[in-house]
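The values are calculated or read from the model by the stated rules, or taken from the named source; none is laboratory data. Note that the structure is a prediction, hence the values are computed from the model and not measured. Please note: Cβ atoms are built from the backbone with ideal geometry, for glycine as well, and neighbour counts cover all protein chains shown.
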Amino acid sequence: MPAYMTSKRAPIRSRPKARTSPLTPSQIRSFQKKVYNYYDNQGRDLPWRKRVTPYRVLVSEIMLQQTQVDRVIEKYKEFLAAFPDFPSLAKAPLPKLLKIWSGMGYNRRALSLRKLAQIVVAEHKGRLPSDPDILVTLPGIGKYTAGAVSAFAFNKPVVFLDTNVRRVFIHEFFADRQGVHDDELVPVIERALDTDNPRKWYNALMDYGTMLKQEHGNPNVRSAHYTRQSPFENSNRQVRGRILKALVHGAALTEDRIVKETGMDAERVKKNLEQLEREGFLIKKRDRYLIHDV
């Protein structure tokens, strides 16, 4: 079982004890009531929380990796309209897939999502596995995403961490601490888990954590794992995004034309073109680049 993700029924081994008093049943009920009260009154109306299916949950979780909720909402609707299920995504032409994904960043996620759909269709009869141990072996799915999909799509009582869950538990149970390690948080998260309705519980934690960041700063700066995201402006991510945007309409372009279309430094464009070719996004025919539709 991957670290920081486990079934409620499976023991968590070899983790240091949290430097906090054990939660009593009364404390757990009080904490759950606080989180649920917020969620019941101010929970967000998000499209992936309606008509819950494994496919819809998976798409939302992949999109939400390193992308803000507001940016995901419209792209999510557009994506589902174009690719409503695993078979349609598995057969998606890469130019069309990247065109719809454009603006989301981290385009590898789109490739991984299509590859995952192909595996689900070919090896799992079109049905996404519910076991996080299997999910974590699929393209684009790490420990957090495997736990989240298992909880949100299948309502399984798994223990997992994301930035919002971490924020809630640091704020509520480690208020006087700096350098809080995830190994300290996991037993507390496990103890507080609502095993009767993990889907609702984690949705509530997500919204409560978002509120904390808006109203109380960001408790995650006190995490031992906290790092600031590198700026997007003038980054390789921006260069790659502009290159793909220039090519999604299907026309093969020369390197010079791509430099002109992107408005970026020629040497950086060249290096990123080479990298995108190695990764399978692009193919070069003579002196022109185009999206590699495989």
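Look at the stretch 99-112: where a residue is over 15 Å from K77 (Cβ atoms) and a partner is among the aromatic types (F, W, Y), sitting 6+ places away or on another chain with Cβ atoms under 9 Å, you get G105/F232; N107/W101; N107/F281; R108/F281; R109/W101; A110/W101; L111/F281. When the stretch 122-151 is filtered for residues that are in a helix (DSSP H, G or I) and in contact with an Asp or Glu (Cβ under 9 Å, 6 or more places away or on another chain), the ones remaining, listed by number, are Y144, T145, A146, G147, A148, V149, S150.
Would you pick out the residues in the stretch 200-212 that are under 22 Å from Q68 (Cβ atoms) and out of contact with any Lys or Arg (no Cβ under 6 Å at 6 or more places or on another chain)? Once the filter is applied, which keeps residues that are under 22 Å from Q68 (Cβ atoms) and out of contact with any Lys or Arg (no Cβ under 6 Å at 6 or more places or on another chain), the stretch 200-212 yields Y202, N203, A204, L205, M206, Y208, T210, M211. Of all residues in the stretch 181-191, those being surrounded by fewer than 21 Cβ atoms within 10 Å (Cβ to Cβ), at pLDDT 90 or above and either assigned to a loop (DSSP other than H, G, I, E, B) or charged (D, E, K, R) (or both) number 2.
For D194, indicate whether it is in contact with a strand residue (DSSP E or B) (Cβ under 8 Å, 6 or more places away or on another chain), within 29 Å of D70 (Cβ to Cβ) and not basic (K, R). Criteria not met by D194.
Of all positions in the stretch 219-226, none carries a residue that is in contact (Cβ under 8 Å) with a residue 24 or more places away in the chain, out of contact with any helix residue (DSSP H, G or I) (no Cβ under 7 Å at 6 or more places or on another chain) and not assigned by TED's automatic domain parsing to the domain that holds P95.
The condition (being over 17 Å from the mean Cα position of the chain (by Cα) and modelled with pLDDT of 95 or more) is satisfied by just one residue among V121, V136: V121. Selection within the stretch 56-112: residues that are out of contact with any helix residue (DSSP H, G or I) (no Cβ under 8 Å at 6 or more places or on another chain) and acidic (D, E). The member of this set that is farthest from L290 (Cα to Cα) is D70.
A single member of A224, A204, A251 is farther than 30 Å from P157 by Cβ and among the hydrophobic types (A, V, I, L, M, F, W, C), and it is A251. Remark: A175 matches the filter, which requires a residue to be more than 30 Å from Q238 (Cβ to Cβ), in contact with a helix residue (DSSP H, G or I) (Cβ under 9 Å, 6 or more places away or on another chain) and either modelled with pLDDT under 95 or not assigned by TED's automatic domain parsing to the domain that holds E78 (or both).
Please enumerate the residues belonging to the stretch 134-164 that are touching a residue at least 24 places away in the same chain (Cβ under 8 Å), among the β-branched types (V, I, T) and surrounded by fewer than 22 Cβ atoms within 10 Å (Cβ to Cβ). Hits for the stretch 134-164 are V136, T163.
Taken together, E74, E78 contain a single residue that is modelled with pLDDT under 95, surrounded by fewer than 16 Cβ atoms within 10 Å (Cβ to Cβ) and not β-branched (V, I, T), which is E74.
Is there a residue being in a loop (DSSP other than H, G, I, E, B), buried (at least 17 other Cβ atoms within 10 Å of the Cβ) and of a type outside the set (S, T, N, Q) anywhere in the stretch 211-234? No, there is no match, as no residue in the stretch 211-234 is in a loop (DSSP other than H, G, I, E, B), buried (at least 17 other Cβ atoms within 10 Å of the Cβ) and of a type outside the set (S, T, N, Q).
The set of residues in the stretch 152-180 that are over 14 Å from L64 (Cβ atoms) and in a helix (DSSP H, G or I) comprises F154, R166, R167, V168, F169, I170, H171, E172, F173.
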